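Data first, discussion second: the structure below is written as structure tokens.
The values are calculated or read from the model by the stated rules, or taken from the named source; none is laboratory data. Quantities reported herein were computed from a predicted structural model and do not represent experimental measurements. Cβ: placed from backbone, ideal geometry, glycine included. Neighbour counts: every protein chain shown. Only protein heavy atoms, including side chains, enter the accessible area calculation; ligands, DNA and RNA are left aside. Shrake-Rupley method; radii C 1.70, N 1.55, O 1.52, S 1.80 Å.
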Amino acid sequence: DDTEQFADVKRRFDESWEWQRDVERIVTLARANRIAPEALARSGERSIAGILAMFGEPEADGAPLEAALAEGLARFVNEVDLDVDTTKKTREALDKAKTVLGKIRRGLPLQWADWWRAEALDPGKKSLACATPAKVAGGGHDRHPGIRADLATTCTLVYAIAARTLRAYEDYKRAWGAIDFTDQEVFALQLLERKEVRARLTGEIDLVLVDEFQDTSPLQLAIFLRLADVAKRSVWVGDQKQSIFGFRGTDPSLMDAAVDTILDGAEPETLAKSWRSRPALVDLTSDVFARGFACDGVPESRVRLEAAKTEDDAAGLGPVVERWRLPAKNLSEDAAYLAAAVRDLLLDPDVRVRDRATGVVRAHRPGDVAVLCYHNSTC
């Protein structure tokens, strides 16, 4: 059954892989894009084709590749001389090679990561020649027919389970007479797709306002477009730079496509002034963002800002940015370095901030400091 197949491919990929998360993500995206369960099989086929297109032509039989890997690892293990090459890199490479070779000799199944470990062997220069056959053999995993079969199986299973999950969830809600937030959006769109509903709304809606447009999902976009069709005027406000967060199934390319379609090639109106920050900080972020977003095709005119405030507003304040280097190698040490840096900042008598309530420049307090993290677990 599916559980046994998943357990089988997980052993060759990564035992810690939680496929349920991928199923949940596909279900969420399918609902946000009104993709029916029946259509997910085709999505799975496209996913498989896209993955396999990144691989070269497979070998007809994986046995020669496996034999070459075993021979290459054995050569490295047998020929490396730790009396001649005393580097730490070579000792570490030898340990990795022995681990993978040990699996092969005991008849244990290899993970695809084991092939990568062989390819990534990085001994010292004196031992590089005897490691080369193992590295070359490890790099041949993408030609192994087994990895292509495992990837195809994985995609097929994930999409098939996602389709069954969608159907089961719909049956559950129907049985209990329940709806969720996405259902509300779907039903609203279904109403707006009826001619008699649009006819009644025409003339009744003067203005449609869409704020935080970058957080619009495909389903919400369809609703807004229908409303804009019957309204006398519509105004859409958003920030392309913020669309990178992908909030609730949104996609930066969706905003780009919507802007191009709605404006028919015309440039959108840009609010070019920043009323929040000091001129030096506005200039710095504009320089950084203009170059960064240009790589994704966002015009500089939509990125660069001018400060509404003047340098006089910065009187008595220090630099707009500092660079703190945290030379730690793990999260615990990072936290210690960060704590020490915050402590030093709070003890610095020259640091000043502008009070948000009074507008007066004053000495800083602990409550003025914020630590931002990407994940709650890091916090």
For C155, C295, give the ranking by accessible area with the largest first, probe 1.4 Å. C295, C155
Quick one: Karplus J couplings for the stretch 171-180, per residue in order, coefficients 6.51, -1.76, 1.60, θ = phi - 60°, nearest Hz, x for Gly and Pro? 5, 5, 5, 5, 5, 9, x, 10, 9, 10
Treating the angle as unsigned and between 0 and 90°, give the value, to the nearest 10°, between the Cα long axis of helix 88-105 and the longest Cα principal axis of the chain. 70 degrees
For V208, distant residues with modelled amide H under 5 Å away: R233, S234, V235
If you filter the stretch 170-223 for trypsin sites (Lys or Arg not before Pro), then keep DSSP loop positions with at most 12 other Cβ within 10 Å, what is left? R194
Run the 1.4 Å probe and let me know the accessible area of C373, rounded to the nearest 10 Å². 50 Å²
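Could you state the accessible area per residue of the stretch 192-334 in Å², with a 1.4 Å probe and every protein chain left in place? Don't skip to the end; give the middle numbers.
Values: 9630 Å² over 143 residues.
That works out to 67 Å² for each residue.
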Within the chain, helix-based [θ] at 222 nm, where runs of 4 or more DSSP H residues each add -39,500 (n - 2.57), nearest 500: -17000 deg cm²/dmol
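Pull out a ≥ b ≥ c, the square roots of the eigenvalues of the alpha-carbon gyration tensor of the stretch 268-319, then state rounded if a/c is under 1.5, prolate if not and a/b is larger than b/c, and oblate in the remaining case.
oblate
Express the carbon and sulfur contribution to the solvent-accessible surface of the stretch 262-345 as a percent, rounded to the nearest whole number, probe 1.4 angstrom.
Accessible surface attributable to carbon and sulfur in the stretch 262-345 totals 55 percent.
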If you count only protein heavy atoms and use a 1.4 Å probe, how large is the accessible surface of E57, to the nearest 10 Å²? 150 Å²
Please calculate the 1.4 Å probe accessible area of S234, with all protein chains present, and give it to the nearest 10 Å². 50 Å²
Inter-label distance for K195 and E170, nm, one decimal - labels placed 7 Å from Cα along Cα-to-Cβ: 2.6 nm
What distance in nm separates the two pseudo spin-label positions at M54 and R105, each 7 Å out from Cα along the beta-carbon direction? 3.5 nm
Calculate the spin-label point distance for W116 paired with R11, positioning each point 7 Å from the Cα along the beta-carbon direction, and give it in nanometres. 2.1 nm
So for R0 = 30 Å, FRET eff. of T358-L271 from the Cβ-Cβ r, to 0.05, ends up at 0.65
Which ³J(HN,Hα) values in Hz, rounded to whole numbers, follow from the phi angles of the stretch 135-140 under the Karplus curve 6.51 cos²θ - 1.76 cosθ + 1.60, where θ = phi - 60° and Gly and Pro get x? 5, 5, 5, x, x, x
Given a 1.4 angstrom probe, what's the average accessible area per residue across the stretch 36-133, in square angstrom? 60 Å²
Rounded to the nearest Å, the spacing of the alpha-carbon centers of the stretch 189-234 and the stretch 8-62 is 34 Å
Given that just one value was derived from the coordinates, which of [x] 0.96; [y] 1.00; [z] 1.07 is Rg/Rh (Cα atoms, Kirkwood Rh)? [z]
Between A307 and residues 5 or more places away or on another chain, which pairs have amide H atoms under 5 Å apart, with H built 1.01 Å from N, and which residues are they? S274
Using the Karplus equation 6.51 cos²θ - 1.76 cosθ + 1.60 (θ = phi - 60°), what ³J(HN,Hα) coupling, rounded to whole Hz, does each residue of the stretch 255-267 give in order, writing x for Gly and Pro? 5, 4, 5, 5, 4, 5, 6, 5, 8, 6, x, 6, 7
Efficiency by 1/(1 + (r/R0)^6): what FRET value for T182 and A308, r their Cβ-Cβ distance, R0 = 41 Å, to the nearest 0.05? 0.55
Counting only protein heavy atoms and a 1.4 Å probe, tell me what percentage of the stretch 65-213's accessible area is made up of carbon and sulfur. 56 percent
